[in-house]
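*Asks:* Got a structure for you, written out below as structure tokens; questions coming shortly.
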Amino acid sequence: MGKRRVEVREWMTVGQAAKKGGVTVRTLQYYDKEGLLSPTAVSEGGRRLYTDKDVVRLHQILSMKSLGFSLDDIKNRLIPLDTPGDVAEVLTNQAAALREKIESLSESLKAIEALREEVLQMHSVDFGKYADIVVNLQMKNEYYWLIKNLDDRALECFRGRFDKESGQAMLETFTRLQEEAVRLQNGGEAPESEKGLKLAEAYWDMIMEFTDGDMSLIPGLMETEKLEDPGGKWKNKQAVVHSFIEPALEAYFTKTGYDPFEGGDR
């Protein structure tokens, strides 16, 4: 089937089209120059002539621009508006992009509100901790609030060892091992069992990687299990985790003959 012909009810000058589209004449001239939106026709006297279809395309461009797309991105995303299906596709794509933008803005709002709450709970201005909290909020780290409770020495150690990517990997490992400890505890698995010893080994390896083997950091980290979190879940979960991990680590150290507090090699 051939494309439906578009009826031109009225030609518009560049000034009229700009006014109808809510932009300046200079904007239309710029879009023409960039190949985004050229006039449908040019009069014998050289005047650029636009149609209502051009105004609809202008709306398409402005909508994508408001969502943060660059002009090159917009140029690649523009599709013909020759059929009702074409117009519907444009609107569908714009709606999807807008929903994505709304979700992104909602996440940003949550991060801002969370950072505000953390800032109010800190006794002094500490932009280093603020920055750490921001990074962890971006990573969707639910334990971001712990940062304000860590001392400067621990934070400097962690900042020097982890970037955003490696920090994300460490967070995923920590979460996975914690969930495994909860699962084994709730399932009645003995800490000294093969599964318990395997988990203890992985957990200790994680601690050593996290601290770079600095045993003096461990007591401070252990204190974080007693902290109250905003949602009230952290302390209860840590009680379950440590009721399994602590005896599992003791069994693991006994089996391997490794005493971490004497600095011996495993």
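*Asks:* By how many nm would the segment from Arg159 to Ala190 lengthen if fully extended, with 0.36 nm per residue of separation less the alpha-carbon distance?
*Replies:* Difference between extended and current length: 7.5 nm.
*Asks:* A follow-up question, please. Given the alpha-carbon gyration tensor of the stretch 150-256, what are the semi-axes of its equivalent ellipsoid in whole angstrom, ordered largest first, with each equal to the square root of 5 times an eigenvalue?
*Replies:* With the √(5λ) rule applied to the stretch 150-256, the semi-axes are 23, 17, 13 Å.
*Asks:* Tell me the net charge near Lys33. Cut-off is 13 Å between Cβ atoms, Lys33 excluded, with +1 for each Lys or Arg and -1 for each Asp or Glu. Intermediate results must be reported in sequence, preceding the final value.
*Replies:* Values: positive: Arg26, Arg48, Lys75; negative: Asp32, Glu34.
After counting each charged neighbour, the total is +1.
*Asks:* Share of Cα-Cα pairs in the stretch 9-74 beyond 17 Å, in percent? Don't jump to the answer; show the numbers that get you there.
*Replies:* Working: 746 of 2145 pairs.
The proportion of pairs with Cα distances above 17 Å equals 35 percent.
*Asks:* So how much accessible area does Glu179 have, in Å² to the nearest 10, using a 1.4 Å probe?
*Replies:* Result for Glu179: roughly 90 Å² accessible.
*Asks:* Next up: Quote the FRET efficiency, to the nearest 0.05, computed for Glu117 versus Asn236 with a Förster distance R0 of 22 Å and r equal to the Cβ-Cβ distance.
*Replies:* The computed FRET efficiency comes out at 0.60.
The values are calculated or read from the model by the stated rules, or taken from the named source; none is laboratory data. These figures come from a predicted structure and were not determined experimentally. Every residue, glycine among them, receives a Cβ derived from its backbone with ideal geometry; neighbour counts consider all protein chains shown. Keep in mind that these areas ignore ligands, DNA and RNA; they rest on the heavy atoms of the full protein, side chains included. Shrake-Rupley method; radii C 1.70, N 1.55, O 1.52, S 1.80 Å.
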